[in-house]
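So the structure is just underneath, and the comments pick up after that.
The values are calculated or read from the model by the stated rules, or taken from the named source; none is laboratory data. Please read these numbers as outputs of a predicted model, since none were measured by experiment. Glycine gets a Cβ as well: all are built from the backbone with ideal geometry, and neighbour counts include every protein chain shown.
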Amino acid sequence: MPLLYHNKMMLSGGAILLFMVILSLAGGYFSPYDLYALDPLSRLKSPTLQHWFGTDNFGRDLFARVAYAIRISLLVGLSVAVAAGVFGMITGLLSAWYRQVDLIAMRICDGLFAFPSLLLAIAIVGILGPNTLNVVLALALVYIPSVARVVRSAALVIKEKNYIEGLRSQGATDGRIIWCHIMPNVISPFIVQITFIFSVAILTEAALSFLGSGVPAPMPSLGNLLLEGKKVIFTSWWMTFFPGISIIILIFALNIIGDGLRDLLDPNVRPLSRRVLGLLRARP
């Protein structure tokens, strides 16, 4: 806890993320307007005390829709991080321990790495159909290889330690060695990787929704809100500003949490603030 308290970067990111979570959960209470209620007479009104973020091109309250869209983004990002983490952990550990599994699993990962993540996600959603569950499945499949690679690399190092050889000589089973002795030692890089996947999944989901392959309208998503705002970007700035700034804040918060976790869990890595100061001092 003292180390966590002194990690200002992680605390700052956590505070920002907590604010966004509260906004997403309590947005419906702050706004008395229905997400889907059409009001043509209030179409494209600028932000006021009645409509804090203005209204969209159907007269719907933008604040309520952005708050709900943040909730969807957080839910999708968390679901993708959990799914990719669980299957990536299992794949990485088994690949590090069993050579036959490694040959098959890592070649599959190489094949998935050959495609850009966004294009692969679009292809999978195109096959399964555009809805929230299929977006989660597609993004989880896209990011499992990156988790598996990180876990495998860390597990291969642990596998060569002397105490692992001692456990083998004492007759410990493969399952006991993998899950009780190797897995706890790869948790640190695993958690950091999961944090970054959380943020990238939010960004990719927004991109999919913007392209029409993500969360289907009329359910609000930060991506499809940006798509609606693109049509009136020069006359109704609030339509793109508030969804866009929400994405930026979410990604920023999760990234600095990830960097703070890396500094906290890996004592061999200098904190980001010291690295930045070192670069500034090194400049002529």
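Things worth noting here:
- When 64, 96, 84 are checked against the criterion of being modelled with pLDDT of 90 or more, in a helix (DSSP H, G or I) and either in contact with a Leu (Cβ under 7 Å, 6 or more places away or on another chain) or among the polar types (S, T, N, Q) (or both), a single residue qualifies: 96.
- Failed criterion for residue 198 (all others in (1) farther than 12 Å from residue 92 by Cα; (2) surrounded by fewer than 17 Cβ atoms within 10 Å (Cβ to Cβ) hold): (2)
- Matching residues, the range 129-157, being within 18 Å of residue 217 (Cβ to Cβ) and free of Cβ contacts under 8 Å to residues at least 12 places away in the same chain: 129, 133, 134
- Being under 17 Å from residue 201 (Cβ atoms) and surrounded by fewer than 18 Cβ atoms within 10 Å (Cβ to Cβ) holds for only one residue in 139, 74, 112, and it is 112.
- Residues located in the range 207-253, provided they are small (Gly, Ala, Ser) and farther than 17 Å from residue 19 by Cα: 207, 209, 212, 213, 214, 217, 221, 223, 229, 236
- Number of the exception - residue 71 against (1) of a type in the set (D, E, K, R); (2) outside any loop (DSSP other than H, G, I, E, B); (3) over 31 Å from the mean Cα position of the chain (by Cα): (3)
- Any chance residue 214 is farther than 16 Å from residue 24 by Cα, in contact with a helix residue (DSSP H, G or I) (Cβ under 7 Å, 6 or more places away or on another chain) and in a loop (DSSP other than H, G, I, E, B): yes
- So residue 262, is it over 20 Å from residue 80 (Cα atoms), at pLDDT below 85, among the charged types (D, E, K, R) and part of a loop (DSSP other than H, G, I, E, B): no
- When the residues of the range 1-14 are filtered to those that are exposed (fewer than 12 other Cβ atoms within 10 Å of the Cβ) and assigned to a helix (DSSP H, G or I), the one that is modelled with the highest pLDDT is 6.
- Condition check for residue 247: farther than 20 Å from residue 27 by Cβ and of a type in the set (A, V, I, L, M, F, W, C): no
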